[in-house]
1. Being within 16 Å of the chain's Cα centre (by Cα) and among the basic types (Lys, Arg): is that true of residue 77 here?
2. Restricting to the range 31-43, name every residue that is free of Cβ contacts under 8 Å to residues at least 24 places away in the same chain and either surrounded by 11 or more Cβ atoms within 10 Å (Cβ to Cβ) or touching a Gly at 6+ places or on another chain (Cβ under 9 Å) (or both).
3. Among residues belonging to the range 44-67 that are closer than 11 Å to residue 12 by Cβ and of a type in the set (D, E, K, R), point out the one that is least open to solvent (accessible area, probe 1.4 Å).
4. Could you check, for the range 68-83, whether at least one of its residues is under 24 Å from residue 14 (Cβ atoms), touching a strand residue (DSSP E or B) at 6+ places or on another chain (Cβ under 7 Å) and part of a strand (DSSP E or B)?
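The values are calculated or read from the model by the stated rules, or taken from the named source; none is laboratory data. Predicted model, so just to flag it, every value in this text is computed and none were measured. Note that we place each Cβ from the backbone using ideal geometry, even for glycine, and neighbour counts take in every protein chain shown. For the accessible areas, the whole protein counts, side chains as well, though only heavy atoms, and no ligand, DNA or RNA atoms are used. Shrake-Rupley method; radii C 1.70, N 1.55, O 1.52, S 1.80 Å.
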Amino acid sequence: MINLINMVLNVHKFVKHKWTKPVPKKWNNLGTWRYVTTFKYCYPNIPTILTEQYKLAWKDKIIIYVTKEITTPKFRRYRTRFKKVFHGSLKSYKAYLREFMKSRKRDRLNLG
């Protein structure tokens, strides 16, 4: 029997490279995505948690990945592949999350 335990949100932040030597202009904006944190559930106050506890600014670029955690007879905790749900600034993620929560609430009201 397969049971879905929860959805896991993975947050990554874009960090520009800080070169010690002068580099060509075409490579100035290069950077990497750094892991920030993981949330077990989708909370409506995630943006405020990221700003207060993890010191992210509202203009920082972030990527949100979602994966499902499943239990199977062979594996206790199995995670599916990561799926990119959102990329953009933290401020736009707050607006996206608000719309997402409204649509979930609407769906629940229509079903029940």
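1. Considered against the rule, which asks whether it is within 16 Å of the chain's Cα centre (by Cα) and among the basic types (Lys, Arg), residue 77 comes out as no.
2. Those that are free of Cβ contacts under 8 Å to residues at least 24 places away in the same chain and either surrounded by 11 or more Cβ atoms within 10 Å (Cβ to Cβ) or touching a Gly at 6+ places or on another chain (Cβ under 9 Å) (or both): 31, 43.
3. Top of the filtered list is 60.
4. Checking the range 68-83: at least one residue is under 24 Å from residue 14 (Cβ atoms), touching a strand residue (DSSP E or B) at 6+ places or on another chain (Cβ under 7 Å) and part of a strand (DSSP E or B).
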